[in-house]
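J.: Take this structure, written in structure tokens, and hold onto it; I'll ask about it next.
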Amino acid sequence: MAEPLDVTTPINRTPSSAPEDLTGKLVGRFLLRHRLGAGGMGQVFCAEDPTLKRTVALKRAVSKSQSEIADRRRFLREAQRASALNHPNVGSMYDVVEQNGELWLVMEYIEGETLRRRLKRTISNAEFFAIAMQCCEGLQAAHEKKIIHGDIKPENIMLDANNRVKILDFGVARRAWSANPEEATRSIETMTVAGGTPAYMAPEVLLQRPDDGRSDLFSLGLVFYEMLGGEQPFHSDSLATTVARIVHENPPELKNVPSPLAAIINRMLAKDPHQRYATASAVLEDLRRVQQGRNPRHALATASDLRKRKIVGWTIVTLALLAVVVSLPPVRHRVRPLLSRIVTGSAGAAVTLPQTKILAILPFAMVNGKPDLTALGQGVVDSVAAKLAKLSEDRTFEIVSPQNLQERKINSLPDAARNFGANLGLTVTFQPQSDELIKVIYSLQDARNGATLGTDAVTVATTDIFSLEQKIAQGAARDLQLQLRPEEEAALQYHGTENPPAYQYYLQAQGYLLDHTKPENLDSAILMAREALKLDPNFGMSKAVLGESYWLKYAATKQTQWIGLAKTNCDDAVKLGNAGADGHLCLGRIASGTGLNAKATEEFQLALGLDPTNEGAALGLAHAYAAEGRFTEAESAFQQAIQAHPNSRISLNDFGAFYQGRNEHQKALQMYQKVTQVAPEWYVAYVNIGSLYYDLGQYDKTVEASRTSIALRPTYAGYVNLGAACFGLQKFSEAAAAYEEAAKLDPQQYVTWGNLGDAVYQSGKRDEAVAPLRKAIELATAEAKVNPHDPDVLSSLASYYSELGDQKNALSYLGQALRYGHDDKDVLLEAASVYNHLSQSGLAVEWLTKAVRAGYAADKIHSMHEFDNLASTPGYQQLIKSQ
């Protein structure tokens, strides 16, 4: 006998009285046998059709709905829409009967059980795919007719005796993309009473925004989530709590679910409908691909997927730039390194300015015992940097912001020259004269010889912040010999408020944010921004910095309540219309940080429209496009960033990293070489060049680039690159020496110790390899506890154990690695290495073949001398010859 169709009660719904016993009564020609259940829209009965000699299900509207003409019409429309569906995975609608002023829907009767009951027993992988794909087929049929189900949940999915899926109860089904205001302006309570279940509703439905078939896909994603072993992540006894969870929280990561399948679920559950699958057929295609052992075509990369790319490097995220400096690693198994004019100075002497000016604005030095004055000075310097950066349009002039320098703990011009290619520097210092007066000294210097190109000092009242900032900015522009246009002169004098004390608080807030890693600085920034808004509630720039502070508060604490505050204030900044690009830039960062890449692209585009010179917005747009998989648009955005900032080592480097990630090696090399021309002493460029040459198997060039980077600045990344290249050249002792230096610089990287063990092992000193391999196992095991689904860590552990001769642990970890990375060419290569270490040459060749099929270059395998012992085997020879 079929189960009740829906025995759940929507949250906060007032319970109805006990249902009337209608057994044995006639409705039209249908004889009611017994009640099957009661759902949000009404009661459902099993009935007999004497004319057609079949069992049917009759659905009766609840009396409350019947009392409203609008609900009666909607109920009738439901029948009309559902009757248009004719698909084997959708419960059929046969007829509509009106009796005693009530409407009854005559529907297909299905013998079986609901998916809700089926979830009480374990669902095998084969059953999951069978059920999931049928659900997609049924929904796709509905969506093609522009019908949204509106209440997808396990109770509304029936399984017959043959495990055929039937989607039931289009009780809240509505015509999609409707322009009817009656259907577009329903409250959550109305939807709930009408039969919707809040815990399965999509965010846009709960927020009463326009929705389409993608809202059903969100609900179906939750059903799949439960089928794969997860508990319903959003349900609570409170409607408000349920809504808040759906809108703001992500479900816990599914356990023991392969990453390709988890990627499908993650995309279905994206908060932004634009980040979800566009159609049920796209979900169906990806499910079929994963079932066949292939990667999904449409699913977005998850966080764990991104970690598998083996890209390790330094990231600079600043309030002004939002730039990513990426070092792409060479990969050998688990090797993961990190990727003129003449002007007159103030003294009257003729000095030479570089034709291309790269100005480092050095971080403001602390004023002892005066934290508020220090914050003010930091804010002034940051604001001056932002104003001068706007002057770079159409000029060979770039700014290295104080945020960039402070992130690297760089406080001197020589260090700024080495790391960022700066050839000029601006310093600003405060000397308190009294409680009301400060002496401000600013100086422009030549990084090449330390000469002073311009300097000035001014004593102003601490309340005269407008005059102070303007004098510094105009003086620096004068010393840089920049001929300003009238609109640029006006921009230097713009402050966003006419209230000097409010502006002072704003600058202090900005100053505190420069070192936002300290919790007390974040709290002070929030306090200062609020004080500014008390004095001028319409100060949009302060609204934006308050929103930015809340967002950074979330980043530091992971407490989701800060996200809403951040977005509200950034939204307000945009609405005030006087925040310039700051409000949109803030919203773009929030969208990127919460995975709403389509929203991020929109906000970054708006920011660029207001401030075409904003490099942070330009690069944010490029990275957002790339995160969406829109690589053509991402490439165009990078090109626009470089067109606006042709001498920016950060834009050039990011563009190179983008190309290298796309395996467009020649284009990547061109970008990195341009970086070396702009910033010849910036070691990061040479780290990345080394990693690129390693990808191409040109180990001698990797050695050269790595040694150059180390000469500029000894780093963990440079030494690991050097070690990887020496290993490839069979210079195992030199490789070991490089890895030892890398381990000194960063002893917590398990990869370094593993590579050191590899090098010592290959040099023939197998006893000496035990200690570093044990250290690698210790560190990697700790990392595996944090992320037990990371195939890189698991395959590395397998390799380390195999080198120690521990076959049991080696094969155990290898099995886990292949479960989560069965199509990752690096993991497949690692499997070959493991079996080779365990003297199982036949299996080693088999896994080498799989690695090549997955995209690993056979000629690169041929250059790996650890497989030389396989060279005489027929399988290995065939593998190399076939490429």
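J.: Scan the stretch 661-682 residue by residue and report those that are at pLDDT below 85 and within 20 Å of residue 719 (Cβ to Cβ).
T.: 681, 682
J.: What are the pairs with Cβ atoms under 8 angstrom where one residue, in the stretch 136-150, is under 13 Å from residue 84 (Cβ atoms) and the other, located anywhere, is open to solvent by 30 Å² or more (accessible area, probe 1.4 Å) and among the hydroxyl-bearing types (Ser, Thr, Tyr)? Sequence gap at least six, or different chains.
T.: Filtered contacts from the stretch 136-150: 143/279.
J.: Would a scan of the stretch 433-444 turn up a residue that is under 40 Å from the mean Cα position of the chain (by Cα) and in a loop (DSSP other than H, G, I, E, B)? Can you show your working first?
T.: Just the residues of the stretch 433-444 that are under 40 Å from the mean Cα position of the chain (by Cα), to begin with: 444.
Checking which are in a loop (DSSP other than H, G, I, E, B) leaves us with none.
No: the stretch 433-444 contains no residue that is under 40 Å from the mean Cα position of the chain (by Cα) and in a loop (DSSP other than H, G, I, E, B).
J.: Please work out which residue is nearest to the chain's Cα centre (by Cα), limiting yourself to the stretch 752-794 and to residues that are under 19 Å from residue 817 (Cα atoms) and of a type in the set (Val, Ile, Thr).
T.: 786
J.: When the residues of the stretch 140-152 are narrowed to those that are among the β-branched types (Val, Ile, Thr) and more than 15 Å from residue 223 (Cα to Cα), which ends up surrounded by the most Cβ atoms within 10 Å (Cβ to Cβ)?
T.: 148
J.: On to the next question. Select, from 155, 127, 137, 108, the only residue that is open to solvent by 10 Å² or more (accessible area, probe 1.4 Å), at pLDDT 85 or above and touching a strand residue (DSSP E or B) at 6+ places or on another chain (Cβ under 6 Å).
T.: Selected residue: 155, the only one of 155, 127, 137, 108 that is open to solvent by 10 Å² or more (accessible area, probe 1.4 Å), at pLDDT 85 or above and touching a strand residue (DSSP E or B) at 6+ places or on another chain (Cβ under 6 Å).
Results for (1) surrounded by fewer than 21 Cβ atoms within 10 Å (Cβ to Cβ); (2) modelled with pLDDT of 90 or more, shown as yes or no for each residue.
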residue: 216; (1), (2): no, yes
residue: 221; (1), (2): no, yes
residue: 233; (1), (2): yes, yes
residue: 260; (1), (2): no, no
residue: 267; (1), (2): no, yes
residue: 280; (1), (2): no, yes
residue: 286; (1), (2): no, yes
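J.: Right, something else. Test residue 509 against the criterion of being of a type outside the set (D, E, K, R) and open to solvent by less than 30 Å² (accessible area, probe 1.4 Å), and give yes or no.
T.: yes
J.: Just a yes or no: is a residue in the stretch 243-254 at pLDDT below 85, open to solvent by 50 Å² or more (accessible area, probe 1.4 Å) and within 21 Å of residue 145 (Cα to Cα)?
T.: no
J.: Quick one: residue 433 ticks every box in (1) loosely packed, with under 14 Cβ neighbours inside 10 Å; (2) out of contact with any strand residue (DSSP E or B) (no Cβ under 9 Å at 6 or more places or on another chain) bar one, so which box is it?
T.: (2)
J.: It is to be established whether one or more residues within the stretch 730-743 are crowded, with 17+ Cβ neighbours inside 10 Å and under 25 Å from residue 448 (Cβ atoms).
T.: no
J.: Only one residue in 663, 647, 688 is polar (S, T, N, Q) and in a helix (DSSP H, G or I), so which one is that? Reasoning before the result, please.
T.: Working: 663 fails: in a helix (DSSP H, G or I); 647 fails: in a helix (DSSP H, G or I).
On inspection, the qualifying residue turns out to be 688.
J.: Still on this structure, please answer the following. Given the condition out of contact with any Phe, Trp or Tyr (no Cβ under 9 Å at 6 or more places or on another chain), among the hydrophobic types (A, V, I, L, M, F, W, C) and closer than 30 Å to residue 296 by Cα, answer yes or no: does some residue in the stretch 775-782 qualify?
T.: no
J.: From (1) within 30 Å of residue 714 (Cα to Cα); (2) out of contact with any helix residue (DSSP H, G or I) (no Cβ under 6 Å at 6 or more places or on another chain); (3) crowded, with 19+ Cβ neighbours inside 10 Å, pick out the condition that doesn't hold for residue 414.
T.: (3)
J.: Considering each residue of the stretch 694-714, count those that are open to solvent by 10 Å² or more (accessible area, probe 1.4 Å) and hydroxyl-bearing (Ser, Thr, Tyr), and give that number.
T.: Count: 2.
J.: I'd like the residue in the stretch 691-735 that is outside any helix (DSSP H, G or I) and closer than 20 Å to residue 676 by Cβ and, out of all such residues, is modelled with the lowest pLDDT.
T.: Only one residue fits best here, namely 696.
J.: Based on this model, can you work out whether residue 835 counts as open to solvent by less than 50 Å² (accessible area, probe 1.4 Å), at pLDDT 90 or above and aromatic (Phe, Trp, Tyr)?
T.: Working: open to solvent by less than 50 Å² (accessible area, probe 1.4 Å): yes; at pLDDT 90 or above: yes; aromatic (Phe, Trp, Tyr): yes.
Answer is yes for this residue.
J.: Let me ask you something else. Answer yes or no: is there a residue in the stretch 426-434 that is closer than 28 Å to residue 489 by Cβ and of a type in the set (S, T, N, Q).
T.: Checked against the condition, which is being closer than 28 Å to residue 489 by Cβ and of a type in the set (S, T, N, Q), the stretch 426-434 yields at least one hit.
J.: Hey, does the stretch 446-454 have a residue that's buried (at least 19 other Cβ atoms within 10 Å of the Cβ), within 21 Å of residue 376 (Cα to Cα) and not small (Gly, Ala, Ser)?
T.: No, because not a single residue in the stretch 446-454 is buried (at least 19 other Cβ atoms within 10 Å of the Cβ), within 21 Å of residue 376 (Cα to Cα) and not small (Gly, Ala, Ser).
J.: Ok, one more. Tell me, which residue of the stretch 763-799 that is within 20 Å of residue 723 (Cβ to Cβ) and hydroxyl-bearing (Ser, Thr, Tyr) is surrounded by the fewest Cβ atoms within 10 Å (Cβ to Cβ)?
T.: So the residue we want is 763.
J.: Of all residues in the stretch 253-288, count the ones that are within 16 Å of the chain's Cα centre (by Cα) and part of a loop (DSSP other than H, G, I, E, B).
T.: Number satisfying all stated conditions: 6.
J.: For the stretch 468-564, which fully contained helices (runs of 4 or more DSSP H) count at least 1 residues that are out of contact with any Gly (no Cβ under 9 Å at 6 or more places or on another chain) and closer than 20 Å to residue 363 by Cβ? Show your work before the answer.
T.: Values: elements: 486-492, 500-513, 519-535, 540-557.
Counting at least 1 such residues, we get 519-535, 540-557.
J.: Checking residue 843 against (1) open to solvent by 10 Å² or more (accessible area, probe 1.4 Å); (2) at pLDDT 90 or above; (3) closer than 26 Å to residue 263 by Cβ: exactly one of these is not met. Which one?
T.: Going through (1) open to solvent by 10 Å² or more (accessible area, probe 1.4 Å); (2) at pLDDT 90 or above; (3) closer than 26 Å to residue 263 by Cβ one by one, residue 843 breaks only (3).
J.: Determine whether the stretch 425-432 contains at least one residue that is more than 23 Å from residue 406 (Cα to Cα) and in a strand (DSSP E or B).
T.: yes
J.: Select from the stretch 658-684 the residues that are under 16 Å from residue 701 (Cα atoms), of a type in the set (A, V, I, L, M) and open to solvent by 10 Å² or more (accessible area, probe 1.4 Å) and list them in ascending order.
T.: Of everything in the stretch 658-684, just one residue is under 16 Å from residue 701 (Cα atoms), of a type in the set (A, V, I, L, M) and open to solvent by 10 Å² or more (accessible area, probe 1.4 Å), namely 669.
J.: Ok, one more. Which residues, counting only those in the stretch 800-814, are open to solvent by less than 40 Å² (accessible area, probe 1.4 Å) and either modelled with pLDDT of 90 or more or aromatic (Phe, Trp, Tyr) (or both)?
T.: 800, 801, 802, 810, 814
J.: Have a look at 114, 122 and point out the one that is among the hydroxyl-bearing types (Ser, Thr, Tyr) and open to solvent by 10 Å² or more (accessible area, probe 1.4 Å).
T.: Working: 114 fails: open to solvent by 10 Å² or more (accessible area, probe 1.4 Å).
Exactly one residue qualifies, and that residue is 122.
The values are calculated or read from the model by the stated rules, or taken from the named source; none is laboratory data. Owing to the predicted nature of the structure, the values given are computational and were not obtained by experimental measurement. All Cβ positions, glycine included, derive from the backbone under ideal geometry; neighbour counts span all protein chains shown. Ligands, DNA and RNA are excluded from the accessible area calculation, which covers all protein heavy atoms including side chains. Shrake-Rupley method; radii C 1.70, N 1.55, O 1.52, S 1.80 Å.
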